[in-house]
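Asker: I'd like to ask some things about the structure below.
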Amino acid sequence: MAPLLFSNGKREIMNQQMIKLIRVAQGKHSTLSHLYIGGIFCCYLLEDAVRDRKIPGRTAIPPGDYGLSLNHWAGMNGKYAKRFPRLHEGMVEIIEIPNYQLVFFHMGNDHTHTRGCPLTGAYWELVNGDYVVRGSGAAYEYVYPMLLEEIEKGNDRLVVL
């Protein structure tokens, strides 16, 4: 039997095919997370600090269950299409987050690069009380095709814990 997951006050069976963002550490202005796809650790993620009140572009997304989709029109698409011409099919966007929009998985190293989005990382460091991720480009190249495949299969939900 699969373990139980408690989210939104409901008891649910944890689907091993889920895409999960699990927060593991909080810095002064940053939050370090793990990204799991199908129960397998895929990369580190870095977000802004978790806050009770949203500050646009400076707050981690709240815990919850959200959709994933491909965004083909936002400004980041051109940059990523040029950098990854054989890989890029649109930005992986986290949708259905109340009071948030244009939240993408993307590259970067520290909380000033997040703009409220999760950054991919191959490893992390704690620098002056804040987490930073390194090897962001390599982690993005690794995890992007996996996220794309899951979205195409209809496994287009992200659980943030």
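Bear in mind these aren't lab numbers, they're just calculated from the coordinates by the rules spelled out. Quick caveat: nothing in here was measured; it's all calculated off a predicted structure. So basically every Cβ, Gly included, is an ideal-geometry build from the backbone, and we count neighbours across all protein chains shown.
Asker: Choose one answer from Lys79, Lys20, Lys54: the residue with the largest mean-square fluctuation in a GNM of the chain with alpha-carbon springs under 10 Å.
Answerer: Lys79
Asker: When the helices in the chain are scored as -39500 (n - 2.57) per DSSP H run of 4 or longer and the sum is shared across all residues, what 222 nm value do you end up with, to the nearest 500 deg cm²/dmol? Write out the running numbers ahead of the final one.
Answerer: Working: 2 runs with 25 residues, N = 161.
When only DSSP H runs of four or more count, the value is -5000 deg cm²/dmol.
Asker: Please state the charge dipole magnitude for the chain, taken about the Cα centre, from unit charges on C-beta atoms (+1 on K and R, -1 on D and E), reported in debye and rounded to the nearest 20. If you can, show how the numbers build up before the last one.
Answerer: Working: 17 positive and 16 negative charges, 59 e Å.
Result for the chain is approximately 280 debye, rounded to the nearest 20.
Asker: Now for a separate question. Would you mind calculating the relative contact order of the chain from Cα pairs under 8 angstrom and at least 6 residues apart, reporting the percent as a whole number?
Answerer: 25 percent
Asker: Taking 0.36 nm per residue of separation and subtracting the Cα-Cα distance, what length does fully extending Leu102 through Phe41 add?
Answerer: Extending this stretch completely gives an extra 19.5 nm.
Asker: A further question follows. List Ser30, Ser69, Ser136 from most exposed to least, where exposure is judged by having the fewest other Cβ atoms within 10 Å.
Answerer: Numbers: Ser30 26, Ser69 14, Ser136 22.
Sorted ascending by nearby Cβ count, the order is Ser69, Ser136, Ser30.
Asker: Region 93-161: which trypsin sites (Lys or Arg not before Pro) are DSSP loop and have at most 12 other beta-carbon atoms within 10 angstrom?
Answerer: Numbers: sites: Arg115, Arg134, Lys153, Arg157; in loops: Arg115, Lys153.
Within region 93-161, the qualifying trypsin sites (Lys or Arg not before Pro) (loop, at most 12 other Cβ atoms within 10 Å) are Lys153.
Asker: Calculate the length of the line joining the C-alpha centroid of region 17-35 to that of region 49-63, in whole Å.
Answerer: Distance between centres, Cα-based: 13 Å.
Asker: A follow-up question, please. What nm value, rounded to one decimal, do you get for the distance between Lys28 and Met146 when each label is placed 7 Å out toward the C-beta?
Answerer: For the pair Lys28/Met146, the computed spacing is 3.2 nm.
Asker: Sticking with this one: Give me D for the chain in µm² s⁻¹, whole number, from Stokes-Einstein with Rh from the Kirkwood sum over alpha-carbon pairs, 20 °C and 1.002 mPa s.
Answerer: Values: Rh = 15.9 Å.
Reported coefficient: 135 µm²/s.
Asker: For Asp52 and Ala74, what is the calculated FRET efficiency with R₀ set at 22 Å and r taken between the beta-carbons, to the nearest 0.05?
Answerer: 0.20
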